Amino acid sequence: MSFDDLLENNAAYAATFTDSNFDGVARAGVAIVTCMDSRIEPLAMLGLHLGDAKILRSPGGRVTTSVLNGCVLGVQLLQVDRIMIIPHTRCAMATGTDEDVRRKIRDTNGVNASWMTFGASPDQMTRVHEDVEMVRSHPLIDGRAEVGGFMYDVDTGRLKQLI
């Protein structure tokens, strides 16, 4: 398998590329933390455009160390003053625990992933509350950005604010 098809697609994209003068700040002041799921188009679902927001993705839309670092950088350096944490319905990371994910990897591929942490949990509401609180209480974010927790419905495209 190669990347030729993707490089060909990129050549077509680059031929009509007109967005070369962005400075990297979030023009709408938004950072979006969401899942890596390919059914989610963060900018489109919020009516935003290229350059409007910082997009941080992780399995399940969890706030990992790297995601939290991205939120801090967004707030401190990239004009982010609103952070949206957006998990979604029918998320594979909400169907079980990390042990379930490790077992599935082992059963499917014969690979031992016992040393990995994925952040899986069937209790999405508790997870989103924990993640919002973690971001809100960070000393480099607290008082500098509004943080909200949401749920994206992959079947309707609707976003609901939870926190």
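Here, each number is a calculation from the coordinates, and none is a lab measurement. It should be emphasised that the depicted structure is a prediction, and the values quoted were computed from it without experimental measurement. Quick reminder, even Gly has a Cβ in these numbers, built from the backbone with ideal geometry, and neighbours come from all protein chains shown.
Here is the list for segment 63-163: chymotrypsin sites (Phe, Trp or Tyr not before Pro) lying in DSSP coil, each with at most 10 other C-beta atoms within 10 angstrom of its C-beta, are Trp115.
Which value in deg cm²/dmol, rounded to the nearest 500, describes the helix-derived mean residue ellipticity at 222 nm for the chain, given -39,500 (n - 2.57) per DSSP H run of n ≥ 4 and division by the residue count?
Values: 5 runs with 54 residues, N = 163.
One gets -10000 deg cm²/dmol as the mean residue ellipticity at 222 nm.
Could you tell me the calculated FRET efficiency between Ser66 and Ser137, based on Cβ-Cβ distance and R0 = 22 angstrom, to the nearest 0.05? Intermediate values should be presented prior to the final figure.
Details: r = 18 Å, r/R0 = 0.82.
So the FRET efficiency works out to roughly 0.75.
The peptide list 100-111, 82-93, put in order of mean Cβ contacts within 10 Å with the highest first, becomes 82-93, 100-111. Starting at the first residue of segment 66-71, write each ³J(HN,Hα) from the Karplus equation 6.51 cos²θ - 1.76 cosθ + 1.60 with θ = phi - 60°, in whole Hz, x for Gly and Pro. These are the phi-based 3J(HN,Hα) values: 5, 5, 4, 4, x, 5 Hz. Taken along the Cα-to-beta-carbon direction at a fixed 7 Å, the label points for Glu146 and Asn21 span 3.1 nm.
If each residue of separation counts as 0.36 nm, what is the full-extension length gain between Ser114 and Leu159 once their alpha-carbon separation is subtracted?
12.8 nm
Averaged over residues, the count of other Cβ atoms within 10 Å places the peptides 55-68, 129-142, 12-25 in the sequence 55-68, 129-142, 12-25, highest first. Placing +1 on the Cβ of every Lys and Arg and -1 on the Cβ of every Asp and Glu, with nothing else charged, gives the chain a dipole about its Cα centre of roughly 300 debye.
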